[in-house]
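For reference, the structure is listed below as structure tokens.
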Amino acid sequence: MTKDIGNDFGHAGDTWERTGGKGVVVNGKVYEEHSFNVRVGLALSKHLKRCGIGEKRIQEPFKKEVSLRDRTNFYNHENVDVVLSNHANWNRNKNVKGICVFAWHNHEDSQRLQKLLVEEYEKLGFETHGVGEHESEIGSWTDLHIVRETKMTACLIENGFMSNPDDFKNIFLNPEYAEKCAEAQARALCRFFGIPFKGVENVAQKSVQIQTGGLSPEMVAEIGRYFDNKQWWAQIQYTSDGENPTALTGGLSPENRKEFEGWLKHRDWWYKIV
Ligand SMILES: [Zn+2]
């Protein structure tokens, strides 16, 4: 029987607008936790597919928020095998950093997966917050709805602290980081189910980054809208004198590369593959 994962993207497209929480403002720019959670979840999706694991979702990327109660009702109704909820943490103390995994304190299967997750994150070089395994209990700050109300194995993963400068860079400015989080999760899930993890080497080799030439302010705005629309990671890079910014994409699949090259050629903009 195919296994199914409840692939849970923490929060939603309207969380920041509605609550002013679940994100950080750095140098006047808002970085929403949901956008990171989505990148991890979508990367996880690809791993699941390749490894022959199914998935169910109720919170779609950047859509209106599905309540926690609706989420757990859905996963229970669908009777998925495992729920994984992706998040990034925040703390008043900027020094606090590292990843951690929450599981319900007396749910053995959840704790088994929790342990595997922490092990796989550590193998990929992640630092953990404390020992990385946090037990969820009634009546404490760890009493998290998603691991409490799910009937099946469930873990909530805090993939670092948005409030810590090092973790912030990884969470929001380094596309590889979300990919690595997803890989650790997929590897842990495969071990949990006792199936082989199928690697991604050949996919990674085929992906390229594209860098544009110098862009005018109008071009920066236009390309920014394009990237937002595609939900692609990209960075506008400024030289020290602030003139002629260029745009650099994250790793693009052959398909996305073709799409972006077409867009650039249509505008007659210079670019190079890096
Ligand atoms: Zn969160």
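Some notes on this structure:
- Being more than 13 Å from the ligand (Cβ to nearest atom), among the β-branched types (Val, Ile, Thr) and within 16 Å of residue 183 (Cα to Cα) is a description that applies to residue 5.
- Cβ-Cβ under 9 Å pairs, at least 6 apart or on other chains, region 202-229 side modelled with pLDDT under 90, far side surrounded by 15 or more Cβ atoms within 10 Å (Cβ to Cβ) and among the polar types (S, T, N, Q): 207/256; 208/249
- Considering residues of region 61-80 that are of a type in the set (Lys, Arg) and surrounded by fewer than 16 Cβ atoms within 10 Å (Cβ to Cβ) only, the residue farthest from residue 11 (Cα to Cα): 69
- Enumeration of residues in region 227-274 that are among the acidic types (Asp, Glu), more than 19 Å from residue 42 (Cβ to Cβ) and loosely packed, with under 11 Cβ neighbours inside 10 Å: 241, 243, 268
- Only one of the listed residues (149, 127, 119, 135) is surrounded by fewer than 22 Cβ atoms within 10 Å (Cβ to Cβ) and in contact with a Leu (Cβ under 8 Å, 6 or more places away or on another chain). That residue is 149.
- Residues satisfying the stated conditions in region 156-169, i.e. surrounded by fewer than 22 Cβ atoms within 10 Å (Cβ to Cβ) and away from the ligand (no atom under 13 Å from the Cβ): 164, 165, 166, 168, 169
The values are calculated or read from the model by the stated rules, or taken from the named source; none is laboratory data. Model, not experiment: these values are computed from the prediction. Cβ sites come from the backbone with ideal geometry, for glycine too, and all protein chains shown count toward neighbours.
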